[in-house]
1. Looking only at segment 182-229, count how many residues are under 13 Å from Thr147 (Cβ atoms) and within 16 Å of the ligand (Cβ to nearest atom).
2. Which one is surrounded by the most Cβ atoms within 10 Å (Cβ to Cβ) among residues in segment 54-109 that are hydroxyl-bearing (Ser, Thr, Tyr) and either away from the ligand (no atom under 16 Å from the Cβ) or modelled with pLDDT under 95 (or both)?
3. Can you tell me which residue within segment 35-48, out of those that are buried (at least 24 other Cβ atoms within 10 Å of the Cβ) and either touching a residue at least 40 places away in the same chain (Cβ under 8 Å) or more than 15 Å from the ligand (Cβ to nearest atom) (or both), is nearest to the chain's Cα centre (by Cα)?
4. Can you pull out every residue in segment 39-67 that is of a type in the set (A, V, I, L, M) and within 20 Å of Arg189 (Cα to Cα)?
5. From the list Arg229, Arg221, Arg216, pick out the single residue that is basic (Lys, Arg), buried (at least 19 other Cβ atoms within 10 Å of the Cβ), at pLDDT 95 or above and assigned to a strand (DSSP E or B).
6. In segment 1-35, what residues are among the basic types (Lys, Arg) and part of a loop (DSSP other than H, G, I, E, B)?
7. If Val112 satisfies every condition in (1) of a type in the set (A, V, I, L, M, F, W, C); (2) crowded, with 19+ Cβ neighbours inside 10 Å; (3) modelled with pLDDT of 95 or more but one, which is the exception?
8. Could we say that Ala115 is more than 27 Å from Glu4 (Cβ to Cβ) and away from the ligand (no atom under 16 Å from the Cβ) here?
Amino acid sequence: MTTELLFRDDAYLKTATARVVAVHERGIELDRTIFYPLGGGQLGDTGALLRANGERLAIGDTRKGEAIDSVLHIPAGTPQLEVGETLQLEVDWERRYALMRLHTALHVMSCVVVAPVTGGNISPDKGRLDFDIDMSLLDAEKIERETNELIARGIETQTVWITDAELDTRPELVKTMSVQPPRGAGLVRLLKIPDIDLQPCGGTHVKNIGEIGAIRVLKIRSEGKRNKRVEIALAS
Ligand SMILES: [Zn+2]
């Protein structure tokens, strides 16, 4: 079952209404959602589903289902829901906004550290990228300063869609070796930060990189020959 992914066009939706399509042991499927499912290194959203009778069902995680664009909302308890009923969706906005700011910050940082990206992860309190680079080329103070200088330019981000075929002609767009962009739907979504970054990404981002504020580099360490890890947090 395909879910309409409302966050893909508007990452700032905090509430929405949706209908229950299926309830099973893996989770709750809705006809549309504002909950981002775990993927591309970004954690799945948490929040709540509100029934018409006022009952509140906590959602502890969100995952992708088996079908393309299907989303599983994973409840904390055992849900008593009817297929077809209308619910009010509430995403845990403070947590999601932190994820959006950190996620966008990693896009900016990936242009300060010029090396292939071998991995990444974003949680609400910190984010990291792994690079295939020599340790001696990673300077925490320099990465922090240059990333914050770019953030201070306050550039608007853009979502751009290209075809699979266009992406094939521009392999340089794929910086992250461990996460290949999703194929098969015919179109690939790119995040564009004009003059800074352009790469395939299905995650949620802030509208203007100025919203990140500033970052600090928490640590840099080696996680193996081709994985030098740079971990960051929001400065405030
Ligand atoms: Zn992204």
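1. Of the residues in segment 182-229, 6 are under 13 Å from Thr147 (Cβ atoms) and within 16 Å of the ligand (Cβ to nearest atom).
2. Just the residues of segment 54-109 that are hydroxyl-bearing (Ser, Thr, Tyr), to begin with: 62, 70, 78, 86, 97, 104.
Filter once more, keeping what is either away from the ligand (no atom under 16 Å from the Cβ) or modelled with pLDDT under 95 (or both): 62, 70, 78, 86.
Numbers: Thr62: 24, Ser70: 20, Thr78: 8, Thr86: 14.
Checking each candidate, the answer is Thr62.
3. Of segment 35-48, the ones buried (at least 24 other Cβ atoms within 10 Å of the Cβ) are 35-37, 42, 45.
Among the residues that remain, those that are also either touching a residue at least 40 places away in the same chain (Cβ under 8 Å) or more than 15 Å from the ligand (Cβ to nearest atom) (or both) are: 35-36, 42, 45.
Details: Phe35: 11, Tyr36: 7, Gln42: 4, Asp45: 10 Å.
The qualifying residue nearest to the chain's Cα centre (by Cα) is Gln42.
4. The initial filter retains those residues of segment 39-67 that are of a type in the set (A, V, I, L, M), namely 43, 48-50, 52, 57-59, 67.
Listed by number, the residues that qualify are Leu43, Ala67.
5. Values: Arg221 fails: buried (at least 19 other Cβ atoms within 10 Å of the Cβ); Arg216 fails: buried (at least 19 other Cβ atoms within 10 Å of the Cβ).
Being basic (Lys, Arg), buried (at least 19 other Cβ atoms within 10 Å of the Cβ), at pLDDT 95 or above and assigned to a strand (DSSP E or B) holds for just one of Arg229, Arg221, Arg216, which is Arg229.
6. Kept after step one, since they are among the basic types (Lys, Arg), are these residues of segment 1-35: 8, 14, 19, 26, 32.
Lys14, Arg26 - these are the residues of segment 1-35 that are among the basic types (Lys, Arg) and part of a loop (DSSP other than H, G, I, E, B).
7. (2)
8. Details: more than 27 Å from Glu4 (Cβ to Cβ): yes; away from the ligand (no atom under 16 Å from the Cβ): yes.
So Ala115 fits the description; yes.
The values are calculated or read from the model by the stated rules, or taken from the named source; none is laboratory data. Since the structure is predicted, the reported quantities are computational estimates derived from the model, not experimental observations. Using ideal geometry, Cβ is built from the backbone for each residue, glycine included, and neighbour counts are taken over all protein chains shown.
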